[in-house]
């Protein structure tokens, strides 16, 4: 599962998505959290930017960026069941078969802040 290098998308504007979604103020106001959310939103709403990519790799990348966001969010604001539930829903709502060993690897990488 290759994590996609997103450095070329650093300037991609997702402000309209952030305004249109029900995103917590704590995330919008924290520059690092907002940056992590941005990459999650790009994989979620603009998957064509990453073609060719398999459905599973798209989910793994979405999950990676959201897990990074959850990890940082909880280190700043403490545990939050709602944010954790949102992370699980990414996997639960996947439209393809996922490799649970790969999901564990993605979680480990996200917590360690390893990757793109």
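The condition of being assigned to a loop (DSSP other than H, G, I, E, B) and either without any contact (Cβ under 8 Å) to a residue 40 or more places away in the chain or within 17 Å of residue 3 (Cβ to Cβ) (or both) holds for only one of 90, 23, 103, 59, that being 23.
Only one of the numbered conditions (1) modelled with pLDDT of 85 or more; (2) more than 15 Å from the chain's Cα centre (by Cα); (3) assigned to a helix (DSSP H, G or I) is not met by residue 79, and that is (3). For segment 26-36, the set of residues classified as touching a helix residue (DSSP H, G or I) at 6+ places or on another chain (Cβ under 8 Å), assigned to a helix (DSSP H, G or I) and modelled with pLDDT under 90 consists of 26, 27, 28, 34, listed by residue number. Taking the stated definitions as given, is residue 71 surrounded by 14 or more Cβ atoms within 10 Å (Cβ to Cβ) and outside any loop (DSSP other than H, G, I, E, B)? Yes, satisfied.
The values are calculated or read from the model by the stated rules, or taken from the named source; none is laboratory data. It should be emphasised that the depicted structure is a prediction, and the values quoted were computed from it without experimental measurement. Backbone-built Cβ (ideal geometry, glycine too); neighbour counts: all protein chains shown.
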